[in-house]
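Here the structure comes first, spelled out in structure tokens, and everything after it is commentary.
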Amino acid sequence: MTGKTLIVFSTISGLNEEVAHAIADAFKTTYNMDATLADLRKGPPDITPFQNIIVGGGGGNSVYNEAVDFMEKDFEGKNVALYFCCENKEDAKALNTEANQKKLLTKNNSLKPIDVAGFGGCMIRQGRTFMDDLNMGRVREWAIELGKKLNTPFLPLNLINTVPFEKSFQFYIELEKNTGITASNTIEFAEKLQTVPIQSVTFHFQRQDFQRWFVNVIGDEELAKKIDQINVWTHDDENLRKKLSETVQNRIAELTKS
């Protein structure tokens, strides 16, 4: 079982609190996980007993000061996830979740959350809610996927963390010729590497795209260095795929064992 979970939120309309309760309920019913909820407007809680910290930081284009101050804490060794109640339930993430994440982490921009989500939200004018687009179905789906990550102790989180689609590795055969195949974490990358066209493997390898993705997106500099040590000129195409695959699989085994 995963460690103890804390869900904190700051809210004006009550939506972030509603989402916090929905996440806690999904954890309980799906994985029998208990979560402690805390309203940041009543003061920041002690995070010491908790392994997992989930933060509801704002709504629309706003990020609340209490949440920004809370993110200044030292989260070393803890799993941190963020959510926001953005305005459009159909395209919340694309509209402003990424911008809100940057605002929330202004006092701790080195922190790498294991996941970030936007669920739709509401608009309030003169104290009255006139648009409510909270997508509770997406809240529950996200909570279940997040709980799955937190309940997978036999794999390090940096192997199974799913990055947003816009940051996933997209396999091309050549410039402007996308294969439509993507990988959003190291495990998926290893799987997709077995099936992508060989032209895609050589195309990206020669451009050092694999190394850049593992460093800048996944945060695994060690794997990038190991890939960089492969000499493309001493392998034919299929042997290059095999060598690259072995390198990634060995890294997965190394991280899993550790």
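The figures follow:
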{"item": "Residue within segment 243-255 that is free of Cβ contacts under 8 Å to residues at least 24 places away in the same chain, part of a loop (DSSP other than H, G, I, E, B), over 22 Å from the mean Cα position of the chain (by Cα) and over 21 Å from residue 112 (Cβ atoms) present", "result": "no"}
{"item": "All positions within segment 12-34 that are closer than 20 Å to residue 70 by Cα, surrounded by fewer than 22 Cβ atoms within 10 Å (Cβ to Cβ) and touching a Phe, Trp or Tyr at 6+ places or on another chain (Cβ under 8 Å)", "result": "12, 17"}
{"item": "Where a residue in segment 142-156 is assigned by TED's automatic domain parsing to the domain that holds residue 52 and of a type in the set (D, E, K, R) and its partner, wherever it lies, is in a helix (DSSP H, G or I) and at pLDDT 80 or above, with Cβ under 9 Å and at least six apart", "result": "148/30; 148/31"}
{"item": "Which numbered condition residue 203 misses (of (1) modelled with pLDDT under 90; (2) farther than 19 Å from residue 112 by Cα; (3) touching a Leu at 6+ places or on another chain (Cβ under 9 Å))", "result": "(1)"}
{"item": "Condition check for residue 3: of a type outside the set (S, T, N, Q), at positive phi and surrounded by fewer than 23 Cβ atoms within 10 Å (Cβ to Cβ)", "result": "no"}
{"item": "Residues that are in a loop (DSSP other than H, G, I, E, B) and more than 22 Å from residue 23 (Cα to Cα), drawn from segment 95-110", "result": "106, 107, 108, 109, 110"}
{"item": "In segment 117-134, residue modelled with the highest pLDDT [restricted to those that are surrounded by fewer than 20 Cβ atoms within 10 Å (Cβ to Cβ) and over 15 Å from residue 11 (Cβ atoms)]", "result": "133"}
{"item": "Strands (runs of 3 or more DSSP E) contained entirely in segment 25-87, each with at least 1 residues that are in contact with a Pro (Cβ under 8 Å, 6 or more places away or on another chain) and of a type in the set (A, V, I, L, M, F, W, C)", "result": "35-39, 79-85"}
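The values are calculated or read from the model by the stated rules, or taken from the named source; none is laboratory data. This one's a predicted model, so the numbers in the text were calculated from it and none came from an experiment. Cβ coordinates were reconstructed from backbone atoms using ideal geometry, including for glycine residues, and neighbour counts include every protein chain displayed.
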